[in-house]
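Heads up: the structure comes next, in structure tokens.
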Amino acid sequence: MNTSNYQNGISPIVESERSLITSLYAEECELAIKKWEEMLSSFSEIKKSISFQSLFHIEGYQFKWLQKHNRNSEKFCVEMGVFAQNIVMILVPLDEFGNKIELDSYECSLLSTTNEELVLREKKIQTTVKSYTFTKDNKKLVSEEKYGEEISKPRIDLETAAEAIELWRNEGENWFNTECVKYKGKRIFRKFYVPFYDLNIESVDNVTCSFALKYSGALEKILPTLIFVMSKKEKGFPDDWGDLLDWSQPCPPLCPHL
């Protein structure tokens, strides 16, 4: 899809076309990143652009693209931008040293414009063993034993993730206001570094991503983060089941190369 008209402000994005914009040329990415940088000192512009119940949606093939190009075994990067007045998250592969890999285009996701539901799950599996025993005197005995529940937990504690997302939805606006007014936007994230190890990308159908707020004991302050919900279909479960990706690191302040 030709995106140049959108970036130049010639054509607005209508809701039916949002899902068609899944990648940007490198030049468009640079311009989007610059627009995000310019917006960070204006709380009114941020408030107008971000709904704090909105989510990013990433298709499975986009994560496979990231896996193909990423050369870093521990992490990848997402850069924030503004594309045609929409917040955009740009997937950025890294080399083994943590540097951005230069490509002609990058996969991306626009922040949804509507409030959405977000479901976090952990599953419990109980093992039941049923036995039929035929005794020497030709009696049939039936027994059933149930073993303890096995809980398949995501990498992030479910309650902790839910609290962090709720804090963003309730206090994210106040966090931006403080950062814009008091610090002129200088401490607001430009990108995030996301753990990439031990992921079974092949089984992922799609990914939903939410902003969150989490207290950092090391820095003694509240920091934004991203929580990725990796969804896949599993037999026996009526809805998507997925894992939660580890806490991402906002830059600033957690910039590995600075």
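The values are calculated or read from the model by the stated rules, or taken from the named source; none is laboratory data. Keep in mind the model is a prediction, meaning the values are calculated, not measured. When we count neighbours, we look across all protein chains shown, and the Cβ atoms used for this are built from the backbone with ideal geometry, even at glycine. Ligands, DNA and RNA are stripped out before the accessible areas are found, and what is left, the full protein with its side chains, is counted by its heavy atoms. Shrake-Rupley method; radii C 1.70, N 1.55, O 1.52, S 1.80 Å.
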Candidate set: the stretch 10-40, residues that are at pLDDT below 95, β-branched (Val, Ile, Thr) and under 13 Å from residue 89 (Cα atoms); chosen: the one most open to solvent (accessible area, probe 1.4 Å):
22
Near pairs, Cβ below 7 angstrom, 6+ apart or cross-chain, from the stretch 81-107 (open to solvent by less than 30 Å² (accessible area, probe 1.4 Å)) to any residue that is part of a strand (DSSP E or B) and of a type in the set (Asp, Glu):
90/79; 91/107; 92/79
When only residues in the stretch 41-69 that are more than 17 Å from the chain's Cα centre (by Cα) and closer than 17 Å to residue 90 by Cα count, which is modelled with the highest pLDDT?
69
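The rows are residues; the columns are (1) in a loop (DSSP other than H, G, I, E, B); (2) in contact with a Phe, Trp or Tyr (Cβ under 6 Å, 6 or more places away or on another chain); (3) surrounded by fewer than 16 Cβ atoms within 10 Å (Cβ to Cβ); (4) at pLDDT 70 or above.
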position	(1), (2), (3), (4)
187	yes, no, no, yes
207	no, yes, no, yes
213	no, yes, no, yes
226	no, yes, no, yes
231	no, no, no, yes
Just checking, how many residues over the stretch 35-67 are under 20 Å from residue 101 (Cα atoms) and without any contact (Cβ under 8 Å) to a residue 12 or more places away in the chain?
1
Return the residues of the stretch 70-80 that are touching a residue at least 60 places away in the same chain (Cβ under 8 Å) and part of a loop (DSSP other than H, G, I, E, B); say none if nothing qualifies.
70, 72, 73, 74
Within the stretch 50-64, which residues are assigned to a helix (DSSP H, G or I), surrounded by fewer than 17 Cβ atoms within 10 Å (Cβ to Cβ) and not basic (Lys, Arg)?
61
Here are 141, 118, 158: which of them is open to solvent by 60 Å² or more (accessible area, probe 1.4 Å) and either at pLDDT below 90 or of a type in the set (Asp, Glu) (or both)?
141
